[in-house]
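These notes concern the structure reproduced below.
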Amino acid sequence: MGNLIRDLRHGLRTLVNRPAFTATAVIVLALGIGANTAIFSLVNAFLLKPLLIQKPEELVGCYSRNVHKPDDYRAFSYPYYVDLRDNNSVFSSLMAHNMAMVGVSEGDTTRRVFADLISANYFSMFGVPLFRGRTFTAEEEKPGSPAEVAIVSYPFWKRAGSDPDFVGKTIRVNSRVLTVIGIAPEGFTGTTALLSPDLYMPLSLHDTMNNNFEGVGRSLAARDDYALILVGRLRPGLTMKAADSQLAGIASGLENAYPAENKDQTLIVRPLSRMSISTNPTANDELWKPAILLLSMASVVMLIASLNVANMMLARGSARRKEIAIRLALGGARNQIVRQLVTEAFLLALAGGAAGLAVAYWSTDALVRSLAHLAPLDLIYSAGPDYRVLAATMGFCALSTLLFGLGPAWNLSRPNVVSGLKDGEHEDVASGTRLRLFSRRNVLVMSQVALSLVLLTSAGLFIRSAQQAAGVDPGFRLNDGVVIEVDPSLAGYNDARGRQVFTALADRLASLPGVQSTSIAGTVPFGMVSLGRGIQRASDPPPTTIDPSAKSSVVSTRFNIVSKDYFKTLEIPILRGRTFTPAESTPGGASAAAIIDKRAAERLWPKEDAIGKHIRMVMAEGTKTQDAQIVGVVGNIRDNIFGDAGELHLYVPFGQEYQADSHIHLRLTPQGREGEARSLEAIRKEIRNFDNRLPVLSFKTLHEHVESSAELWIARTGARMFTMFGGVAVLLAMVGLYGVRAYTVSRRTREIGIRMALGANAGDTLRMILREGLIVTALGAGTGLLLSLGVGRLLASLLYQVSGTDPLVFIAAPALLAVISLLACYLPARRAAHVDPMVALRYE
């Protein structure tokens with residue numbers, strides 16, 4: 001212990017006495033260790049940090065799976081949940097819930113938030129007591145119960161002013177007045193990490209609070225209303241495999257009791273996802289793939305930083321060879337020298353780690369906060385490091401110490417006493433040209449150049465991917481388009497009144513100056529919500545009357561409810577047929593009509609004209625179908641960036657079906673930025689004049705809508721992160737290259753003076769130093785290109801319409817590296833070219 005304390009004191013004194021070296025090394029290590037700490041902090045927050053739940057390892061998701069189609073899952077009905085909850089030996093507790101978007105009225109405005117509709121045992125199953133108040137009773141949970149109660153999240157209560165008497169007060173949700181009976185505990189996010197709903201409401205409110213996006217509107221009490229997600233706590237000692245076996249027997253019994261609703265369904269349990277709430281267990285955390293990728297890239301940055309500091313340690317060590325030789329000559333043991341030098345390196349790493357924590361704190365907090373605009377959920381995140389992050393940072397410090405400290409320490413402690421007691425070893429001077437090129441310092445720089453080129457090409461690939469994503473052709477015109485999201489149900493309007501509101505508002509906005517056309521749509525491409533519906537030729541056997549394994553005639557489509565001017569407003573071309581008529585857009589006024597896109601027409605009738613043909617729309621888990629006549633075929637569009645570009649689309653007329661949360665599209669006349677701003681303000685004013693109670697949930701131009709999409713955020717965030725990694729890596733590599741060239745010039749001053757005294761001019765000296773530096777860069781870049789080709793193949797699946805060996809990136813990245821390397825080599829070379837031969841001949 002005494003030796004360690006002595007080494008620490010000596011190391012601190014040595015580092016303090018060399019402030020320039022210490023500050024430079026700490027900054028370099030802060031970048032390397034900080035990058036790793038920042039990424040690990042994100043991984044910890046999303047995937048590792050325990051949720052505020054008792055014994056989370058006992059929690060599992062319960063899933064209903066089709067026995068004939070293992071990838072086909074569905075939600076549960078409330079009666080099925082009650083049967084399973086009350087008659088099983090698998091779960092010690094089983095709860096049901098489902099998310100819904102609701103509107104909270106605050107004065108004259110309505111704010112959209114997420115609410116979790118939960119069973120009465122929700123908080124007790126998690127073992128989490130409320131911060132204040134009580135939970136729901138079993139009677140308040142039952143469908144049809146008149147319960148008008150809610151529990152608010154802790155952030156909701158804080159935004160309300162942290163009123164100590166908040167429990168017992170009322171809030172208006174979807175025009176209903178609910179009494180607050182409890183406040184959830186601070187930091188509680190349920191089964192998901194970071195994101196929490198604002199409100200918790202009993203399942204009895206499901207029918208009035210759920211959005212019913214597809215307009216089916218069944219009651220939660222019905223056995224065919226599959227609306228709930230189940231989470232259970234396994235009984236002690238029971239494995240998931242044993243639970244699956246027991247649940248299969250329970251599912252078989254329920255199928256016998258209710259064959260129509262439970263046909264071909266079995267039950268399984270799987271670990272819960274920390275980042276999604278889904279009926280499908282395969283949606284479980286896919287975050288490990290990008291997490292491992294980001295950690296790998298951050299590790300490369302730390303390796304480059306460590307190699308950089310190793311070069312600095314070697315350069316500084318050359319000046320300490322005489323000191324070390326004297327210590328060895330006086331009887332100092334080699335292991336003592338190594339221990340002393342490694343201790344100094346560890347102190348540097350600790351200082352770099354402390355600075356890295358500050359870098360990580362700032363960067364991760366900024367990144368996580370940028371998630372807030374993607375969904376109307378409470379973001380519960382503490383940027384402060386916990387013991388996992390601190391332990392990981394210490395591990396990064398120890399690893400970097402081994403990377404940059406052990407090698408130089410071992411090299412400097414070699415017992416070469418005689419030569420060390422001379423005026424110093426001139427490793428780079430005395431060796432031949434070939435050996436000098438592959439000196440330790442040059443090899444370290446080559447490694448840095450190679451690794452930095454890998455990160456630079458990776459950043460280039462992600463930048464190209466983000467550019468491609470931002471420039472995606474959606475199949476409709478973004479310019480001069482406006483989309484307004486409105487939900488009349490949040491103001492208490494029923495479906496009939498809601499239809500009238502949408503129609504009247506669209507007509508009123510169409511009469512404004514500068515508005516060419518308006519239309520209504522249930523969903524909007526690149527939005528947060530999308531709907532799906534299966535379709536087949538009406539001449540094919542219905543899916544309920546055939547073997548489930550033979551349902552190949554049913555194809556999946558993206559489904560939308562639109563008004564007659566939708567295609568005109570978005571400028572989606574009508575290829576054949578026509579748009580909807582007013583009669584088809586009137587509830588019950590005409591036979592069902594539908595419009596499909598070109599892909600769907602070619603899929604169902606590859607060699608025939610689809611106009612006049614009939615399709616069967618398959619709804620509600622295949623238990624309900626509706627036939628419709630194809631009246632039009634329109635151009636293909638995209639709904640997303642990373643999804644399947646070949647998705648089929650189905651459109652039905654607004655009026656035949658209805659969805660409360662819908663959108664009004666407007667097409668403005670081209671009028672420049674100032675004219676567009678005036679039109680947008682006039683539109684806002686007209687909506688307020690039309691109905692100031694109407695909740696406007698979103699008001700954006702189509703460009704703004706696409707720019708704010710989650711997928712584009714992911715693409716751009718990935719590009720920014722890899723650009724930062726690549727930029728830091730190149731900066732560190734060039735600092736290393738500059739340092740080695742500058743060191744070489746200083747150690748070869750006498751040699752350069754002799755060359756110039758014998759007739760070499762400044763240009764010859766400049767070219768010699770530049771040539772040596774560029775050869776080092778070229779060798780490192782060549783290795784880096786080979787590594788980049790392999791890394792590009794690994795990244796190909798994460799890129800959008802960009803090859804993992806994109807020629808533009810693989811030309812631009814080495815060219816950029818060459819330019820920066822030339823600058824890093826030029827400054828020392830220029831100094832060498834101006835060496836005075838008389839001064840150089842007296843050097844040393």
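Among the residues of the range 93-106, is any out of contact with any strand residue (DSSP E or B) (no Cβ under 7 Å at 6 or more places or on another chain) and either more than 28 Å from residue 261 (Cβ to Cβ) or crowded, with 21+ Cβ neighbours inside 10 Å (or both)? Yes, some residue in the range 93-106 is out of contact with any strand residue (DSSP E or B) (no Cβ under 7 Å at 6 or more places or on another chain) and either more than 28 Å from residue 261 (Cβ to Cβ) or crowded, with 21+ Cβ neighbours inside 10 Å (or both). If the condition is being of a type in the set (Gly, Ala, Ser) and either under 37 Å from the mean Cα position of the chain (by Cα) or open to solvent by 30 Å² or more (accessible area, probe 1.4 Å) (or both), then the range 801-835 contributes 803, 804, 812, 813, 815, 818, 821, 824. Taking residue 741, is it surrounded by 18 or more Cβ atoms within 10 Å (Cβ to Cβ), in contact with a helix residue (DSSP H, G or I) (Cβ under 9 Å, 6 or more places away or on another chain), among the charged types (D, E, K, R) and within 28 Å of residue 463 (Cα to Cα)? For residue 741, the condition - surrounded by 18 or more Cβ atoms within 10 Å (Cβ to Cβ), in contact with a helix residue (DSSP H, G or I) (Cβ under 9 Å, 6 or more places away or on another chain), among the charged types (D, E, K, R) and within 28 Å of residue 463 (Cα to Cα) - is not met. Screening 678, 688, 638 for residues that are among the basic types (Lys, Arg) and touching a Pro at 6+ places or on another chain (Cβ under 6 Å) leaves exactly one candidate, 638.
Residues that are open to solvent by 50 Å² or more (accessible area, probe 1.4 Å) and aromatic (Phe, Trp, Tyr) are absent from the range 703-724. Quick check, is residue 292 in contact with a strand residue (DSSP E or B) (Cβ under 6 Å, 6 or more places away or on another chain) and of a type in the set (Val, Ile, Thr)? No, not satisfied.
A single member of 229, 277, 250 is assigned to a loop (DSSP other than H, G, I, E, B), among the β-branched types (Val, Ile, Thr) and out of contact with any Cys (no Cβ under 7 Å at 6 or more places or on another chain), and it is 277. For the range 636-667, name all the residues that are under 21 Å from residue 694 (Cβ atoms), out of contact with any strand residue (DSSP E or B) (no Cβ under 8 Å at 6 or more places or on another chain) and open to solvent by 10 Å² or more (accessible area, probe 1.4 Å). Hit for the range 636-667 is 660, nothing else. The set of residues in the range 144-153 that are in a loop (DSSP other than H, G, I, E, B) and open to solvent by less than 40 Å² (accessible area, probe 1.4 Å) comprises 145, 147, 153. When the range 168-195 is filtered for residues that are modelled with pLDDT of 90 or more and touching a helix residue (DSSP H, G or I) at 6+ places or on another chain (Cβ under 6 Å), the ones remaining, listed by number, are 183, 184, 186.
Tell me yes or no: at least one residue of the range 154-167 is of a type in the set (Ser, Thr, Tyr), assigned to a loop (DSSP other than H, G, I, E, B), at pLDDT below 90 and farther than 30 Å from residue 238 by Cβ.
The initial filter retains those residues of the range 154-167 that are of a type in the set (Ser, Thr, Tyr), namely 154, 162.
Those still in the list that are assigned to a loop (DSSP other than H, G, I, E, B) too: 162.
Within this subset, residues satisfying the condition of being at pLDDT below 90 are none.
Scanning the range 154-167 turns up no residue that is of a type in the set (Ser, Thr, Tyr), assigned to a loop (DSSP other than H, G, I, E, B), at pLDDT below 90 and farther than 30 Å from residue 238 by Cβ.
Of the residues in the range 504-522, not one is touching a residue at least 40 places away in the same chain (Cβ under 8 Å), of a type in the set (S, T, N, Q) and assigned to a helix (DSSP H, G or I).
Given the criteria open to solvent by less than 50 Å² (accessible area, probe 1.4 Å), under 30 Å from residue 717 (Cα atoms) and under 33 Å from the mean Cα position of the chain (by Cα), does residue 299 qualify? No.
Which members of the range 646-690 meet the condition of being among the basic types (Lys, Arg) and outside any helix (DSSP H, G or I)? Lay out the reasoning, then the answer.
Looking only at the range 646-690, we keep the residues that are among the basic types (Lys, Arg), and these are 667, 673, 678, 684-685, 688.
Listed by number, the list holds a single entry, 667.
Residues that are over 24 Å from residue 560 (Cβ atoms) and β-branched (Val, Ile, Thr) within the range 642-686 comprise just one, 669. Residues in the range 19-47 that are closer than 16 Å to residue 348 by Cβ and modelled with pLDDT under 80: 20, 21.
Taking the listed residues 15, 42, 31, 47, the one that is more than 25 Å from the chain's Cα centre (by Cα) and either buried (at least 19 other Cβ atoms within 10 Å of the Cβ) or in a helix (DSSP H, G or I) (or both) is 15, with no other qualifying.
Would you say residue 130 is in a loop (DSSP other than H, G, I, E, B), open to solvent by less than 40 Å² (accessible area, probe 1.4 Å), out of contact with any helix residue (DSSP H, G or I) (no Cβ under 6 Å at 6 or more places or on another chain) and not acidic (Asp, Glu)? Yes; evaluated as a whole, the condition is true for this residue. Checking each residue in the range 604-626 for being open to solvent by less than 20 Å² (accessible area, probe 1.4 Å), in a loop (DSSP other than H, G, I, E, B) and modelled with pLDDT under 90 picks out only 622.
Within the set 199, 194, 238, the sole residue that is over 19 Å from residue 98 (Cβ atoms), touching a residue at least 24 places away in the same chain (Cβ under 8 Å) and within 30 Å of the chain's Cα centre (by Cα) turns out to be 194.
Please determine, by comparing only the residues of the range 428-470 that are crowded, with 24+ Cβ neighbours inside 10 Å and among the β-branched types (Val, Ile, Thr), which one is modelled with the lowest pLDDT. Checked the range 428-470; the qualifying residue modelled with the lowest pLDDT is 445. Among the conditions (1) under 21 Å from residue 563 (Cβ atoms); (2) open to solvent by less than 50 Å² (accessible area, probe 1.4 Å); (3) over 33 Å from the mean Cα position of the chain (by Cα), residue 697 misses just one, which is (3). Can residue 110 be described as surrounded by fewer than 19 Cβ atoms within 10 Å (Cβ to Cβ), over 23 Å from residue 60 (Cβ atoms) and either among the small types (Gly, Ala, Ser) or more than 27 Å from the chain's Cα centre (by Cα) (or both)? The answer is no for residue 110.
Could you list, in sequence order, the residues of the range 475-507 that are closer than 25 Å to residue 673 by Cβ and open to solvent by 10 Å² or more (accessible area, probe 1.4 Å)? 476, 477, 478, 479, 480, 485, listed by residue number. Close Cβ contacts (under 7 Å, 6 or more residues apart or on different chains) running from residues in the range 84-111 that are part of a strand (DSSP E or B) to residues that are hydrophobic (A, V, I, L, M, F, W, C) and open to solvent by 40 Å² or more (accessible area, probe 1.4 Å) comprise 99/277. Selection of first residues in the range 473-500 that are more than 30 Å from residue 575 (Cα to Cα) and part of a loop (DSSP other than H, G, I, E, B) and of second residues that are at pLDDT 90 or above and not aromatic (Phe, Trp, Tyr), restricted to Cβ pairs under 7 Å at least 6 apart or on distinct chains, gives the following pairs, ordered by first then second residue: 493/501.
Going through 565, 597, 540, 547 one at a time, which residue ends up being open to solvent by less than 60 Å² (accessible area, probe 1.4 Å) and at pLDDT below 90?
Checking each option against the conditions leaves just 540.
The values are calculated or read from the model by the stated rules, or taken from the named source; none is laboratory data. None of these values were measured; they are calculated from a predicted model. Note: ideal-geometry Cβ built from the backbone for every residue, glycine included; neighbour counts use all protein chains shown. Just so you know, the surface numbers come from the protein's heavy atoms only, side chains and all, with ligands and any DNA or RNA stripped out. Shrake-Rupley method; radii C 1.70, N 1.55, O 1.52, S 1.80 Å.
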